[in-house]
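None of the figures in this text is laboratory data; all of them are computed from the coordinates on show. Because the structure is a prediction, the values reported are computed rather than measured. Glycine also receives a Cβ, built like all others from the backbone with ideal geometry; neighbour counts cover every protein chain displayed.
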Amino acid sequence: MRLKQALIRTPGFDRPASTVKEQGSLVTARLARFPVTDNSHALPSPVFRLAEIGREPRAVIISRLSPRTLSFAAVVLLPIALAASYLFLIAADQYVAEFRFSLNTADTPRLDPLSLLTGNATRSPAALESQIVVQYLTSRAIIDELGTTLDLRRMFSPPQADWWARLSLPAPIETLVQYWKGQVDPFYDPANGTVTVRVRAFSAGDALELARAIVGASEKLVNDLSLRGRRDRVRSAEAEVGQAEGRLQFVLGEIRGFRDREGLIDPGESAKTSSLLAARLRDELVRANAELSTLKTYMREDAPAIKVLNARIRSLETQRRAVAQEITDPDKARQGTLSHLLGSYEQLESERKFAEAAYQHALLRLDQARADADRQHIYIASFVPPMLPEEALYPRRWRSLGIVALVAFALWGIGGLIIQSVRAHL
């Protein structure tokens, strides 16, 4: 009887009367199986108590656990156990093949005024091409390019891959693009102008094969961009030459029409000839007037020599006025004077000279564009080629498990604080 009372008073047996009665009957039944000796009045040892409690039903043991212990097991221990089971028993290994390259150019960097505000005074064309390559590596275009030689869907869903990490088949192209962005990670470092690409696959051979294929696609893209730019420059130079040639032919046609219409090959030369003729007439007229003045000193007005000289003077004046009217028109009433023709011809001649200069400049640019097209301006310099990986880097099991544990413990702690706060305000 004392042993029964001692067991009932043992910590953990403080229960209501009904529970005590049930436990008492259990103890009586157990004591019947263990006969009491002379030292039956002594209290049972802790080992005996734990052994007896271990034989109790599971529902009784769970009912004795506190809500805090149950919540800790459900919120912290259970997620950690599930995550550990997945990471160490189910998750498949993923290998990483990394390569690095840079884009070099034979041209000198050009000055960008806007980059002065950011501290980068020069803006190289290779920097723009590197950003284009990085964007290309995460686009559908490279998937379509690699799809001609590689079966990407088979590569990302091998039999050894787990259901969470592999690509779910059948996968449309949009799903493949999203999955591709998680397996291929390109990064451009503007500090040194290098591009780093990390490729993940479920086998080392697939990772190396995919990395080499990406290198080939990147080189093809750079060559196509460079070739397209060179061809565009040549086509632009050829179009400029065609425009300059058409303009020159039009001006030459206008000059030819002017000559046919006016009957003059070169109004400038005609004006020069007329000017010389007028000057010669003026000189002869001056000499004739001087000779007339000399003859009048010792001859009469009706002398035959004076009459001949007067007739000559009148003829010279008539010729001078005719030549002067042919060269210029003070009243500006006639349009056929040499001065008017010379003004129109000089305008056409200036347009001809400008058209010839533009045509020569266009031919020079065309020759330069064709010379530039023969050499490659931008090329890939791969200084870290892809190598065969030896060890799987993903999944990072211990790090992932630590993150799960930290998040679960944080949620459990925050939930406990919220519950205590609510109880305190009730």
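Hull volume per residue, based on the alpha-carbon atoms of segment 192-289 and their convex hull, is 150 Å³.
Relative to its Kirkwood radius, the Cα radius of gyration of segment 372-426 gives an Rg/Rh of 1.57.
Applying the Karplus relation 6.51 cos²θ - 1.76 cosθ + 1.60 with θ = phi - 60° to segment 176-186 yields 3J(HN,Hα) values of 5, 5, 4, 5, 4, 4, x, 9, 10, 10, x Hz, where x marks Gly and Pro. Residue 199 sits among other residues whose Cβ lies under 10 Å from its own Cβ, and their net charge, with Lys and Arg +1 and Asp and Glu -1, is -1.
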